[in-house]
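Just so it is clear, none of the values below were taken in a lab; they were calculated from the coordinates. The model shown is predicted, which means the values in this text are computed figures rather than measured ones. Quick reminder, even Gly has a Cβ in these numbers, built from the backbone with ideal geometry, and neighbours come from all protein chains shown.
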Amino acid sequence: MSSSRRLVLPVLLSQKQYYLCFRQLHSGALKSGRKTATGFSIKKDVEDKESKGWLDRVKLFTSHKTNAYDDYKIMIEKMDESERKTYNDGFIRGVFAGGHKEDEKLRPGRLFFYTFGKLFFFTSFAFAGYLFYRMFTRTGLIFDFGGDMFAMEQDVDVTFDDVCGVDEAKMEIEEIVEYLRNPERYTRLGARLPKGVLLIGDPGTGKTLLARAVAGEASVPFFHASGSEFDEMLVGQGARRVRDLFKKARKHAPCVVFIDEIDSVGSKRTSSSLHPYANQTINQLLAEMDGFVQNEGIIVIGATNKRDNLDSALTRPGRFDVEIKVSRPDLAGREDIFQLYLDKIIHSADCDVTTLARGTTGFTGADIENMVNQAALKAATERAMRVTMKHLDEARDRILMGPARLKGLHADEEANRNTAYHEAGHTIVGIFTKHSDPIHKVTITPRGESLGLTAHLPEKDHLQYTKSQLLAKLDVLMGGRVAEELIFGEDMVTTGAASDMRKASEIAERLVKTYGMSEHVGLRDFTSNEEEGLSFGPETSNAIDEEIKRLLKESYERAKQLLIKYKTEHHLLAEGLLEYETLTKQEVERVIKGEKLKKPNAAAIKTSWYKEEKATTKNCWIYYRS
């Protein structure tokens, strides 16, 4: 028997018979007559890899059964009795050791991998089918999961009655409602309906509310999207979403499409090779608004507070035909907004909208809404039955000056005394300087990041500032640093005036370089050179620096003369702040006259303590001050 001949004998115990299969046989030792062969090697070669299991080997044997058995008989007959017995014993032991036990051991593992493989195959097949479904049934990219929720149609119940404080903008945008209600009135005369309205204004002025009011008044569908929602990680997703947005809008025309923060998607196009696909989204938006596909009956309203960042192709007539400036509300507008939000809460009769409007100059509609809400939260925390003027004043101070430190003053008495004289210096200079804004409140209680604060509220809205008003601001800012020098000495001034110095330097720089209010430098705007990256000549730079330095020095001297002149009032106010910590405008006027205030001082408030007592009602606690 050649060395390439192989024999394998699996044994089926249940049937008590032998089956011959292939397995390596050390036949060389048998041919030479040596009796050292005790069995067969279980080493498998390439052919054996096709039959891995016990059942597989049995199936393999059926196709070679006759020839293999004949060879086996011939080989056995040539052996003597002892060799034949040794051969059979070793052969059978090898079969049991290498075949049956191995197969029994691998069965559970093979069953697991067989089941898991089938599950993995069917899952992968289903996922691939889903991807192909999205590829051939939807436009654009297949990985835009959640894209169906983008720019969904919304039901709007907002009307122009809910919009207050922006009367001019509301009057202009009311014309858009007429376009949507009666388009035939305008097309009959050959007029082309506007395609886009651009709302420009500071954050919180009511741009989104105006857009919703247009849809609500015209009773048309409203689609809302944010500029940042268009572009994501995958290339082409922004352009695809623009197409989907206008596709939905055309199905529901006439309708309103509102894109908030449109500068995110409509900013100026770039020619950089680093971002070759950066312009796809805005190009698609330009094509949808004024391209081959006409979008009759679709009004696109965009809102932004960065008009200069928009691409010129987007703002040209034919795309955004109308631009509306949404300004901060004036005094009458703030009164209307306060009345609107106060009607939504339970408030006392002492809440005067005129007083509130005068004390919130520069507030937007969102600021006023937040102020009223903060007051309602404060009243609820105190278990009050209704919101009072006191709650509204505290909410305004929190917005203007930041949250107060709960523990009051710091333990450092020297720092508190320095802060008191510093803030008193600001206040005295502000009171006795012409063209300065009136004092609203002064405090040495730490609020936000500051140790103390002097708040000013103008009597009316400032549409522009005069040179006298800007110089008065400079003097008030210098008052804190001057007070420290006069009271504690030139070497004992602190870093508390760092913010004042920065603001004063900015005002002086604008006076010289922007407003042309310097007699020495002249009527010229120097900011254009800086924006273009052009530098000034040495003489011009020195002249500008010297003029800024002169303005700051003269302001410092004016504040110093005022505090020397009103030294008594300065001391009285500083001591009053140390005693009461926070003073209103009326209280400041009484303190500098030497009058005593009928209110507990800070020491009395600190020595009082809160007692906590459980109420008779379930899960309710009552807090009161003794």
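At-a-glance table
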quantity	calculated
Inter-probe distance in nm under a simple model that places probes 7 Å from Cα toward Cβ, at Thr354 and Ser505	4.5
Lys/Arg +1, Asp/Glu -1 at C-beta; segment 285-399 dipole; positive extreme among Tyr341, Gly302, Leu377	Leu377
Extension gain, Met517 back to Ala498 (0.36 nm per residue minus Cα-Cα distance, nm)	4.3 nm
Segment 347-449: GluC sites (Glu not before Pro) in DSSP loop, at most 12 other beta carbons within 10 Å	Glu382, Glu449
Estimated distance in nm for a label pair at Glu413 and Phe125, the labels positioned 7 Å out from Cα along Cα-to-Cβ	8.8
Pairs beyond 29 Å (Cα-Cα), from Lys390/Lys560; Lys344/Lys460; Lys207/Lys268; Lys473/Lys567	Lys390/Lys560
Fully extended contour minus Cα-Cα distance, from Asn309 to Glu490, at 0.36 nm per residue	60.4 nm
Sparsely packed GluC sites (Glu not before Pro) within segment 487-568, loop by DSSP, other Cβ within 10 Å at most 13	Glu519, Glu532
Average silhouette area of segment 327-384, convex hull of alpha-carbon atoms, in square nanometres	3.8
Contour minus Cα-Cα distance for Ser219 and Thr568 (0.36 nm per residue)	119.0 nm
Cleavage-rule hits (trypsin sites (Lys or Arg not before Pro)) in segment 380-479: DSSP loop, at most 15 neighbouring Cβ within 10 angstrom	Arg383, Arg386, Arg405, Lys407, Lys434, Lys460
Electrostatic dipole magnitude of segment 416-606 [Cβ: Lys, Arg +1; Asp, Glu -1; Cα centre; debye, to 20]	960
Simple spin-label estimate for Ala191 and Lys599 in nanometres, 7 Å along Cα-Cβ	5.7
